[in-house]
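Take a look at the structure below.
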Number of protein chains: 2
Amino acid sequence: MTAGSKRTKKQAILDTALQLFVSQGFHGTSTATIAREAGVATGTLFHHFPSKEQLLEQLFLSVKQEFADAIQSAVNKRGDLKKDAEQLWFAALSWAIDNPLKQAFFQLYSMSPTVEQSVRDQAMHSILGFIGALIRQGQAQGLLADFPQDLMQDNCHGQYLAATRYFADHPERWQQEHERSASFALFWNAMAVR
Amino acid sequence: MTAGSKRTKKQAILDTALQLFVSQGFHGTSTATIAREAGVATGTLFHHFPSKEQLLEQLFLSVKQEFADAIQSAVNKRGDLKKDAEQLWFAALSWAIDNPLKQAFFQLYSMSPTVEQSVRDQAMHSILGFIGALIRQGQAQGLLADFPQDLMQDNCHGQYLAATRYFADHPERWQQEHERSASFALFWNAMAVR
DNA sequence: GTCTATAGAACGATAGAC
DNA sequence: GTCTATCGTTCTATAGAC
């Protein structure tokens, strides 16, 4: 076993819960099933996670954090906003392509009342505050249209979810340069000044 | 009681199921609770719907059909594509504003595995075929960018979901002309030729 | 930390009276 | 069509041995 690849029982529970919550939904998945599929006893599951709700919560926050780390480390701001936006767009899309289960988890739980509003807000702000700053910068430079801040941010999120669903449904198209560049063009043109 | 306002028990079950499936999720809502809140017995629920799954299915298709009827009747194609798109955009947004519960239901179940893929496809094609035709028309006229058809369609859907979420979260902004026109500008500019 | 065994409640669906 | 009553199952969570 290589260094860092040790899968603890706790991690096995999180991995299995991710898969089952995506395919069957939260209430549609029993803790007994998660434990069985993960190869642990129900008592072990409740040793690591005090309740089923807290298992979902920890899973949600860890996946969001993983996403935020992945895209922020991929971008080195150099002043050219369009280039930065392009790097960010492709880093975010690449992460989604490489982590289809986690992307599906976002689609299902990012706006579901099953996850507490406060938990979703916490995850959103720690990630999208960073996006909001980029948009304000673009407006100050006269590159981006002067639309309401929140509307532009929500629109970014919506276009991202649509693009990831598109490339997840048609993986071969992700290999084509004109498909990738078209997805960025839709994203950028929506906000760019004419 | 005015004409047409007669709420049958079957309709009461559908209305209550819509509300509870949105607030608690499908598996998080028991048939016993739906029946109690609707003011009927559990036996009555299973008289009208052979199973809980089929209740969800009938609800899903009826809400989608209602949406399709609402936006198609609001648009009278006159050859000016941008005007047609604008009418369609605001008809779709208005419907979402006026039916927040049904809009939330879409957000949660339009891409959830809880609803059978075949049922979701059936709903999608009977509605979005119509949108696809409009996009092809715009490309033929040189008004819309020549990006892949499916990508543009998915992008439309994503921007629509983002906009409805935005105005649902901030209802007062829907009253402001500059907010409404900004939402359409983001939508149109994404696809328009430069 | 991990297991087995089980408590106690809630579940989907059915039967049969009216 | 609608009701009450209930069957057999499955659920989350805990207790206690190792």
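What's log10 of I(q)/I(0) for segment A:63-117 at q = 0.20, 0.24 Å⁻¹, Debye sum over Cα points only, no solvent? Cα-only, vacuum Debye calculation for segment A:63-117: -0.75, -0.92.
A:HIS170 contributes an accessible area of around 50 Å² to the protein surface, as traced by a 1.4 Å probe with all chains present. Peptide A:182-191 has a mean of 6 when you count, residue by residue, the C-beta atoms of other protein chains within 10 Å of its C-beta.
Averaging the sequence gap over all C-alpha pairs within less than 8 Å and six or more residues apart, then dividing by the number of residues, gives chain B a relative contact order of 18 percent.
The HN-Hα couplings worked out from phi for segment A:172-188 by the Karplus form 6.51 cos²θ - 1.76 cosθ + 1.60 (θ = phi - 60°) are 5, 6, 5, 7, 9, 4, 5, 5, 4, 5, 5, 5, 5, 4, 4, 5, 6 Hz, whole numbers, x standing for Gly and Pro. Using only the C-alpha atoms, the convex hull of segment B:1-49 corresponds to 78 Å³ per residue. Solvent exposure of A:ASP98, expressed as accessible area, is near 120 Å², computed with a probe of 1.4 Å over the protein chains only.
Loop-located chymotrypsin sites (Phe, Trp or Tyr not before Pro) across segment A:144-182 with a Cβ neighbour count of 12 or fewer within 10 Å are lacking, with loop assigned by DSSP. Applying the Karplus relation 6.51 cos²θ - 1.76 cosθ + 1.60 with θ = phi - 60° to segment A:128-133 yields 3J(HN,Hα) values of 7, x, 4, 5, x, 5 Hz, where x marks Gly and Pro.
In a DSSP loop and with at most 14 other Cβ atoms within 10 Å, the trypsin sites (Lys or Arg not before Pro) in segment A:60-160 are A:LYS77, A:ARG78.
Starting from the Kirkwood Rh over alpha-carbon pairs, what translational D in µm² s⁻¹ does segment A:115-162 have by Stokes-Einstein at 4 °C and 1.567 mPa s?
Numbers: Rh = 11.6 Å.
This corresponds to a translational diffusion coefficient of 111 µm²/s.
Per-residue shielding of B:143-149, expressed as the average number of other chain Cβ atoms within 10 Å of the residue Cβ, stands at 3.
Distances between equivalent label points of B:ALA68 across the copies, with each point positioned 7 Å along Cα→Cβ, amount to 4.2 nm, shortest listed first. Taking Cα atoms only, the orientation of helix B:100-109 departs from the longest principal axis of chain B by about 90 degrees. Dividing the convex hull volume of the alpha carbon atoms of the protein assembly as shown by its residue count gives 170 Å³ per residue. Cα-based radius of gyration for chain B, normalised by 2.2 N^0.38 Å, reads 1.16. With the helix formula -39500 (n - 2.57) applied to DSSP H stretches of n ≥ 4, chain B reaches a computed 222 nm mean residue ellipticity of -24000 deg cm²/dmol. Residues whose amide H comes within less than 5 Å of that of B:ALA192, counting only those at least five positions distant or on another chain, are B:ALA145 (H built at 1.01 Å from N in the peptide plane). Listed values for segment A:68-74 are Karplus-derived 3J(HN,Hα) couplings in whole Hz (6.51 cos²θ - 1.76 cosθ + 1.60, θ = phi - 60°), namely 4, 4, 4, 7, 5, 6, 7, and x replaces Gly and Pro.
Computed over segment A:81-169, the P(r) tail beyond 22 angstrom holds 32 percent of alpha carbon pairs. Give A:LYS77/B:LYS83; A:LYS9/B:LYS52; A:LYS82/B:LYS64; A:LYS10/A:LYS102 a once-over and call out the pairs whose C-alpha atoms are over 28 Å from each other. As for pairs spanning more than 28 Å Cα to Cα, those are A:LYS77/B:LYS83; A:LYS9/B:LYS52; A:LYS82/B:LYS64.
With its label point put 7 Å out from Cα toward Cβ, A:HIS125 sits 4.6 nm from the same residue's point in the other copies, in order from shortest. A probe of 1.4 angstrom, applied to the heavy atoms of all protein chains, finds B:PHE106 with accessible area near 10 square angstrom. Using alpha-carbon positions, what is the distance between the centroids of segment A:29-71 and segment B:126-156, in Å? A separation of 41 Å, based on Cα centres.
In this assembly of identical copies, the label point of B:PRO171 (Cα plus 7 Å along Cα-to-Cβ) is separated from its counterparts by 4.5 nm, sorted shortest first.
Considering protein heavy atoms only and a 1.4 Å probe radius, which residues within segment A:156-171 exhibit an accessible-area decrease of no less than 40 Å² in the full assembly relative to the chain by itself? SASA drop of 40 Å² or more in segment A:156-171: A:GLN159, A:ALA162, A:ARG165, A:TYR166.
The values are calculated or read from the model by the stated rules, or taken from the named source; none is laboratory data. These numbers were taken from a predicted model, which means no experiment stands behind them. Counting neighbours? That spans all protein chains shown, and the Cβs are built from the backbone with ideal geometry, glycine included. Note: areas computed on protein heavy atoms with side chains; ligands, DNA, RNA excluded. Shrake-Rupley method; radii C 1.70, N 1.55, O 1.52, S 1.80 Å.
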